[in-house]
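A.B. asks: This is the structure, below, for whatever I ask next.
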Amino acid sequence: MLAAEDTTLSPRLKQLVGELRAEWHELDTKVEALNGEFVELARNDAASRRLTSIPGIGTLNATALIAAVGDASSFAKARDLGAWLGLVRRQHTTGGKPRLLGISKRGNTYLRTLLIHGARAALPSLARSETPLGRWLTGMIERGVHRNAIVVALANKLARIAWAALRKEVSFERGYPAAA
């Protein structure tokens, strides 16, 4: 648009668009530099390397999880981490009859969003794999569970696996479930 000799744009508008484009390029350069720092941080940290071995958890997720939960020692069970992130179903009990509602969406919104996006990205490849996790996902898909519910359930499972990787200091092995 800027290179064209089109007279539909005024010279001032061309100048403003050119300045915005240069600013956008500068921001892209800064973002790439920060991404490089995150990758370097994740490479040099043993806990980050363990977390990035989990499908759906990249360097951004790993560094954010470590910054927020550390070694996960403040959570007694893996379910506690999922609940803290707001990835478990909310319960409403009256008269002794429990009703399960949607996910609670309480807790750390940023981490929950990262885990859900990671789960959404990992779902297709994991569902095709012949692992316990893949069979679990395939079973949910065959039962007709809504895709978004499957993604949130997978995000919760990934949070539980991340808890086990941090707490027990082990890497994720695709053939065996790390945490239920």
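Bear in mind these aren't lab numbers, they're just calculated from the coordinates by the rules spelled out. On a predicted model such as this, the values are computed, not experimentally measured, just so you know. Here the Cβ positions follow ideal geometry from the backbone for every residue, glycine too, while neighbour counts run over all protein chains shown.
A.B. asks: Arrange the peptides 138-144, 81-87 so that the one whose residues have, on average, the most other Cβ atoms within 10 Å appears first.
C.D. replies: Going by the mean number of other Cβ atoms within 10 Å, highest first, we get 81-87, 138-144.
A.B. asks: Would you kindly derive the ³J(HN,Hα) couplings of the range 8-23 from the backbone phi angles with the Karplus curve 6.51 cos²θ - 1.76 cosθ + 1.60 (θ = phi - 60°), listing them in order in whole Hz, with x for Gly and Pro?
C.D. replies: 6, 9, 6, x, 5, 5, 4, 5, 5, 5, x, 5, 4, 5, 5, 5
A.B. asks: Please order R160, R79, R135 by the number of other Cβ within 10 Å, starting at the fewest.
C.D. replies: R135, R79, R160
A.B. asks: Across the range 39-46, in residue order, what do the Karplus-derived ³J(HN,Hα) couplings come to in whole Hz, using 6.51 cos²θ - 1.76 cosθ + 1.60 with θ = phi - 60° and x for Gly and Pro?
C.D. replies: Rounded to whole hertz, the list is 5, 5, 4, 5, 5, 8, 10, 5.
A.B. asks: Okay, moving on. Please report, in debye to the nearest 20, how large the charge dipole of the range 45-168 is about its Cα centre when each Lys and Arg carries +1 at its beta carbon and each Asp and Glu carries -1 there. Don't skip to the answer; put the middle values down first.
C.D. replies: Details: 20 positive and 5 negative charges, 90 e Å.
Dipole of the range 45-168, to the nearest 20 debye: 440 debye.
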